[in-house]
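Read the figures in this text as sums done on the coordinates, not as results from a lab. Note that the structure is predicted; figures quoted are calculated from it, not measured.
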Ligand code: G6P
């Protein structure tokens, strides 16, 4: 998704803005640009493709100046091109960067064109530049002009604007898309994500919906809310540190993040378990009472986070006896859901800024849920701030677009939720199983290490996929969502068409696809569905399908011609979905490397989808 960086500093800002853009690359984008204000005029460079292309322009022709705005664009209105890249200018008086969508831009554009404004791009953003120029020409200051025009903009957006009429000022606005203020020493910054600014500050103000901010000289920061009242927002210190935003010894962020899983699973558990049970207070002081009265759970999420929700359905029903519904946010928000009495609303999100998930939460707040819980990886994100309760997954920044460690830590958090609901409801008959699961959770990081050590075997296996166009993933029970996640990973980063089916459903259609060209990947932990799964695998073999099975060491599935088996250590049945996720991530990674795709920033995808 689009990324914004802006600075009002006491030094040349080109380097700060460029570094910020590089740090936002992970969000996904197709072009970039920068405008700097110097000696009363705006100078701009824009480039199609990677930020490196913009950097080349800056090397041959630098943009000196202390005030600037910059942007990575992910095309929504208008194709990826230099002309559509931000910043957009109006008569070299005003420069604008924008994240989000202006839904009523066509009407505004018609009006502006009728008044003589000439458009040079196909974007919705350009209307903002001309609207601002119009207001400034009528004598308003930049802050007041921005305040007036945002009232007439429909949709969701974050903005950064500057004007030659007030050189030392950058104005930002937040309405539905994330925007943070970086608090420097006598300097101030704006960005879509704190990661973009960690090279200059670790102190941030998270703007609220409807906020307008002015960054001025000497680090001055002025914020007004939607009602136009001056407000103070708290300054938060960013906790993660800066080193984690680098690849370290790894070739790709995704590989680094896969290998971080033992460590971040440990972090997700830290301080949240007692000897043999979960500490319900991890969810906050009000959690015990809320979980006690929880009679249903609705889980809403998008993408990989949605798959974590699907696993949680099996867990909450089996280990806490609570009925669960799981749905993708973009569907839920436009339905007319019936909310049974005593229903807890849970959102799952790595970023906490996914537009559909956030909209679903706001919609849920108008319904009769007993409370809202966000399971999220980014402290201070919109989802966390707007939910009644939250639990952080503590995976640290995830840079690879394809989610890996965020998913497994979400699963840890969801198991903690399952055990907490059961404990709060007082279910003595489940206490022994809960104690076993707690013990198994502690062993999980070590087991993950053992699976990661299979990497070279999995790399060898991946060679069988490099020339394939399709793949089928099978799983049963809580491993069906793991098969879905395995298929999603393969699609996202290797561009191989992959589908996942519950193995028992094979004969109701997908079996027709199976022949010697169709690799079929299955996860076979030692659980009560194993024998049924084995029969399903026979169905594949009988049709000449190539089988790739990740199996528990004790299940006795032997490698043969057309069956490749990778053996995984034994894990408690409840936690097998967590462990079996890892080899599927590793497989997708190695297939993508063999295919030579852009592993960390796959085509057309964005890390954080902040528009609908
Ligand atoms: C995008 C990302 C996915 C992610 C999904 C939900 O599509 O590419 O990796 O799973 O958004 O994101 P969230 O931050 O809400 O978990």
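Show me the three semi-axes of the equivalent ellipsoid for the range 453-612, from the C-alpha gyration tensor (sqrt of 5 times each eigenvalue), largest first, rounded to whole Å.
In descending order, the three semi-axes are 24, 18, 16 Å.
Roughly what % of Cα-Cα distances in the range 1-41 sit above 13 Å, to the whole percent?
Within the range 1-41, distances greater than 13 Å cover 53 percent of Cα pairs.
What's the whole-number percent of alpha carbon pairs in the range 536-606 lying beyond 21 angstrom?
Counting every Cα pair in the range 536-606, those more than 21 Å apart make up 44 percent.
Just the Cα atoms of the range 380-529: what Rg and Dmax do they give in Å?
Every Cα atom of the range 380-529 included, Rg and Dmax give 18.6, 54 Å.
Divide the volume of the convex hull of the Cα atoms of the range 291-430 by its number of residues and quote the answer in cubic angstrom per residue.
For the range 291-430, the hull spanned by Cα atoms encloses 91 Å³ per residue.
In degrees, nearest 10, range 0 to 90: what is the angle between the Cα axis of helix 431-452 and the longest Cα principal axis of the chain?
70 degrees
Can you show me the helix-derived [θ] at 222 nm for the chain, built from DSSP H runs with n ≥ 4 at -39,500 (n - 2.57) apiece and divided by the number of residues, rounded to the nearest 500.
On the way: 18 runs with 210 residues, N = 612.
Result for the chain, helices only: -10500 deg cm²/dmol.
Using alpha-carbon pairs under 8 Å, 6+ residues apart, how would you state the relative contact order of the chain in percent?
12 percent
Cα-Cα pairs above 21 Å in the range 36-162: how many percent?
38 percent
Compute the relative contact order of the range 252-389 as a whole-number percentage, counting only Cα pairs closer than 8 Å that sit 6 or more residues apart in sequence.
Values: 201 pairs, mean separation 29.7, N = 138.
Value for the range 252-389: 22 percent.
Determine the distance separating the Cα centre of the range 269-305 from the Cα centre of the range 199-232; give it in Å without decimals.
33 Å
What Kirkwood hydrodynamic radius do you get for the range 124-261 when you take the inverse of the mean 1/r over all pairs of distinct Cα atoms, in Å?
16.4 Å
Just need log10 I(q)/I(0) for the range 281-346 at q = 0.16, 0.19 Å⁻¹, Debye formula, equal scatterers on the alpha-carbon atoms, no solvent, rounded to two decimals.
With one equal scatterer per Cα and no solvent, log10 I(q)/I(0) is -0.57, -0.79.
Using Cα pairs under 8 angstrom and six or more residues apart, how large is the relative contact order of the range 500-612, in percent?
Values: 115 pairs, mean separation 23.3, N = 113.
RCO, the range 500-612: 21 percent.
In terms of the ratio Rg/(2.2 N^0.38 Å) built on C-alpha atoms, what value belongs to the range 245-306?
1.60
For a quick size check, give me the Cα extents of the range 192-255 along its three principal axes, largest first, whole Å.
Cα extents, longest axis first: 49, 25, 17 Å.
Treating only the Cα positions of the range 318-375 as identical point scatterers, give the base-10 log of I(q)/I(0) from the Debye formula at each q in 0.12, 0.21, 0.23, 0.30 Å⁻¹.
Once normalised to I(0) and log-transformed, intensities are -0.28, -0.83, -0.99, -1.47.
Would you please state the base-10 log of I(q)/I(0) at q = 0.05, 0.07, 0.08 1/Å for the chain, with intensities from the Debye formula using one equal scatterer on every alpha carbon?
For the requested q values the scattering log ratios are -0.24, -0.46, -0.59.
Give the percent of DSSP beta bridges with both residues in the chain that are antiparallel, rounded to the nearest 5.
Of all bridge pairs located within the chain, approximately 60 percent are antiparallel.
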